[in-house]
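*Asks:* Can you read through this structure? Questions will come right after.
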Amino acid sequence: MDEKQSSAGQTRRRLRRAAGQLMEDSSLRSYLTDEQAQQLLEWGLAQVEPAAARTANLPDDDAMPVLEEKVAAVRSVMHLVNRLVGAAGETAEGDVVDDQMTRLLKNLHWLTGQPTTMAHLVRVGKFNHKRPELDSDSAFQHLIDLIRVKAAAAEEEEE
């Protein structure tokens, strides 16, 4: 087996491990439909994949801490999306929702290394304004759009 095949195998094995960790955690999807959970999982794996590729040539002892940190950040974002979807349509203390949204943005920044953009803040404002009337499908759509950083950044540049 040549080095490229070995590296690709390492990457796939590490991605499967990350996928297993995310799929096993029911707190990441308990308020989501199967379709929503699949979309969120695909988003999460897309965040982990570049780190897995970057560590393909590293031994597990060096690679796993990098991947575990990335999976922890993804898990935090997914958990908060799930909780916010679960609270859709409920009248909750503004501080609770604001705290969760702040944590979501901070974890997204930790995950991507990209600063919160004006597009993110606009989406947060729309979500917070509409939250009492949102059903879980609409809430999920607002939140998945929010965490798709590249899409949000591209829209911001167009404005």
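The values are calculated or read from the model by the stated rules, or taken from the named source; none is laboratory data. Note that the structure is a prediction, hence the values are computed from the model and not measured. Don't worry about glycine lacking a Cβ; one is built from the backbone with ideal geometry, like all the others, and counts go over all protein chains shown.
*Asks:* Is it true that GLU49 is surrounded by 15 or more Cβ atoms within 10 Å (Cβ to Cβ), under 20 Å from the mean Cα position of the chain (by Cα), among the acidic types (Asp, Glu) and modelled with pLDDT of 85 or more? So that I can check it myself, show each step before the final result.
*Replies:* Details: surrounded by 15 or more Cβ atoms within 10 Å (Cβ to Cβ): yes; under 20 Å from the mean Cα position of the chain (by Cα): yes; among the acidic types (Asp, Glu): yes; modelled with pLDDT of 85 or more: yes.
So GLU49 passes the test.
*Asks:* Can you pull out every residue in the range 60-117 that is among the acidic types (Asp, Glu), under 23 Å from GLN36 (Cβ atoms) and not in a helix (DSSP H, G or I)?
*Replies:* GLU90
*Asks:* Here is a further query. Out of the range 1-18, which residues are among the small types (Gly, Ala, Ser) and either surrounded by fewer than 17 Cβ atoms within 10 Å (Cβ to Cβ) or at pLDDT below 70 (or both)?
*Replies:* If the condition is that a residue be among the small types (Gly, Ala, Ser) and either surrounded by fewer than 17 Cβ atoms within 10 Å (Cβ to Cβ) or at pLDDT below 70 (or both), then SER6, SER7, ALA8, GLY9 are the ones that fit.
*Asks:* Output the residues belonging to the range 11-45 that are among the small types (Gly, Ala, Ser) and either within 17 Å of PHE140 (Cβ to Cβ) or touching a residue at least 24 places away in the same chain (Cβ under 8 Å) (or both).
*Replies:* The answer is ALA18, ALA19, SER26, SER27, SER30, ALA37, GLY44.
*Asks:* Within the range 23-46, track down each residue that is part of a helix (DSSP H, G or I) and either buried (at least 19 other Cβ atoms within 10 Å of the Cβ) or touching a Lys or Arg at 6+ places or on another chain (Cβ under 6 Å) (or both). Break it down stepwise before answering.
*Replies:* Let us first name the residues in the range 23-46 that are part of a helix (DSSP H, G or I), namely 23-24, 26-28, 34-46.
LEU28, GLN36, ALA37, LEU40, GLY44, listed by residue number.
*Asks:* Would you point out which residue out of ARG123, ARG148, ARG131, ARG103 is within 24 Å of ALA52 (Cβ to Cβ) and either among the basic types (Lys, Arg) or at pLDDT below 85 (or both)?
*Replies:* After applying the criteria, what remains is ARG148.
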